[in-house]
Amino acid sequence: MNRFLTQYFSTNHQRLELFFIAYRRHLKSDRDFALALFNKFKRGMVQQMHWEEQFLIPALSEAGPHNGRFAADKAKQEHQQIRAQVEKIVALQQQGLDSHQEDQVLEFMLSDHFENDEFNFYPVCDRLFDTDTRIKLLMAMDNDSAALCG
């Protein structure tokens, strides 16, 4: 259980990577399918960043004012960059323009972000959060997902 959050979120990273890789692979051969994959990726990425910002980062602050501050600040900064890059890609897609270059930029951002999360941010959370805190986080994320689903 001492790497629970790292494993939980890393598994979701793998799912998101799979959607993004498949999107890029199918973009030339089946644009509609590729765009559906990108939308799955985007929704999942937005949800993951939301969970980190709404639940993990505040829980880190509660664990102590300086605990994990650097990792949390870095995660929030990367989230802003990823959101902006995703919006660039969406704008190109809506115009029917080639997004290959912007897709590649996003791929590099994601690689760096996922690595930072998995080797810095999540391990700090795993180290500082006890079982009760982990349960509260999971319940809050589950409730948040249920509210989104209606």
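The values are calculated or read from the model by the stated rules, or taken from the named source; none is laboratory data. Every value quoted in this text rests on a predicted model; they were computed, and no experiment measured them. Cβ coordinates were reconstructed from backbone atoms using ideal geometry, including for glycine residues, and neighbour counts include every protein chain displayed.
Here are a few things to note about the model shown:
- Restricting region 68-103 to residues that are within 17 Å of the chain's Cα centre (by Cα) and of a type in the set (Gly, Ala, Ser), the residue that is nearest to residue 58 (Cα to Cα) is 72.
- Matching residues, region 118-148, being in a helix (DSSP H, G or I) and of a type in the set (Asp, Glu): 118, 126, 132, 142, 144
- Restricting 71, 91 to those that are within 27 Å of residue 2 (Cβ to Cβ), of a type in the set (A, V, I, L, M) and out of contact with any strand residue (DSSP E or B) (no Cβ under 9 Å at 6 or more places or on another chain) reduces the list to 71.
- Hits in region 58-75 - residues which are in a helix (DSSP H, G or I) and more than 15 Å from residue 134 (Cβ to Cβ): 61, 69, 70, 71, 72, 73, 74, 75
- Enumeration of residues in region 17-50 that are among the hydroxyl-bearing types (Ser, Thr, Tyr) and either surrounded by 13 or more Cβ atoms within 10 Å (Cβ to Cβ) or at pLDDT below 95 (or both): 23
- Evaluation of residue 131 against (1) surrounded by 15 or more Cβ atoms within 10 Å (Cβ to Cβ); (2) farther than 24 Å from residue 33 by Cβ; (3) polar (S, T, N, Q) (one fails), failing number: (1)
- Within the option set 78, 115, being out of contact with any Lys or Arg (no Cβ under 6 Å at 6 or more places or on another chain), assigned to a helix (DSSP H, G or I) and surrounded by fewer than 16 Cβ atoms within 10 Å (Cβ to Cβ) holds for one residue only, 115.
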